[in-house]
Amino acid sequence: MVRARRDKVFGTIVVFGLGGIYVEVFKDVNFRSFPLGVSEAERMIEKIKAYSLLTGIRGQGKKDIKSIIDVILKLGRMVDSIKSISDVEINPLVVYERDKGVKALDIRILLA
């Protein structure tokens, strides 16, 4: 799950975590203030408890973390620059193996 929202206190924030129904069950998410760079977005991803699912376990290939970073940064930029949007959430975001990209299965955009 990737989300960006405009907060009255903190400004634009981005969120990354285990998506689908699991975000509600495990609450495995990480928040950062925007703007942030590639390194900070990568650290954000590495901090979730389910990070090992992205690194390739039980014979699965490593997932396309670069594409996740790209989505986090683009959603943050979109909410930060388009004042009529208050919140964007992609949940779930399917992450394919390295260099194969990602796919948004559901997206919600809230207007300010």
>> Which one, 51, 102, 82, is farthest towards the positive end of the dipole of the stretch 37-112 when Lys and Arg carry +1 and Asp and Glu -1 on their Cβ?
In response: 51
> Using a 1.4 angstrom probe and counting only protein chains, how large is the accessible area of residue 108 in Å², to 10?
Replying inline: 100 Å²
> How much net charge surrounds residue 13 when only the other residues with a Cβ under 14 Å from the Cβ of residue 13 are counted, with Lys and Arg +1 and Asp and Glu -1?
Replying inline: +1
> Structure shown: which of 49/103; 47/103; 27/83; 66/103; 8/63 lie over 24 Å apart, alpha-carbon to alpha-carbon?
Replying inline: 27/83; 8/63
> Out of 19, 59, 101, any idea which swings most in a Gaussian network model of the chain, alpha carbons joined below 10 Å?
Replying inline: 59
> By what distance, in whole Å, do the Cα atoms of the stretch 46-112 stretch along each of the three principal axes, largest value first?
Replying inline: 44, 22, 21
> Is the shape of the stretch 1-64 rounded, prolate or oblate, going by the alpha carbon gyration tensor and its root eigenvalues a ≥ b ≥ c, with a/c under 1.5 for rounded and a/b larger than b/c for prolate?
Replying inline: oblate
>> Between the stretch 56-76 and the stretch 80-112, what is the separation of their alpha carbon centroids in Å?
In response: 13 Å
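The values are calculated or read from the model by the stated rules, or taken from the named source; none is laboratory data. Since the structure is predicted, the reported quantities are computational estimates derived from the model, not experimental observations. Neighbour counts are summed over all protein chains in view; Cβ atoms, including those assigned to glycine, are modelled from backbone coordinates with ideal geometry. Note: accessible area is taken over every heavy atom of the protein model, side chains too, but ligands, DNA and RNA are not part of it. Shrake-Rupley method; radii C 1.70, N 1.55, O 1.52, S 1.80 Å.
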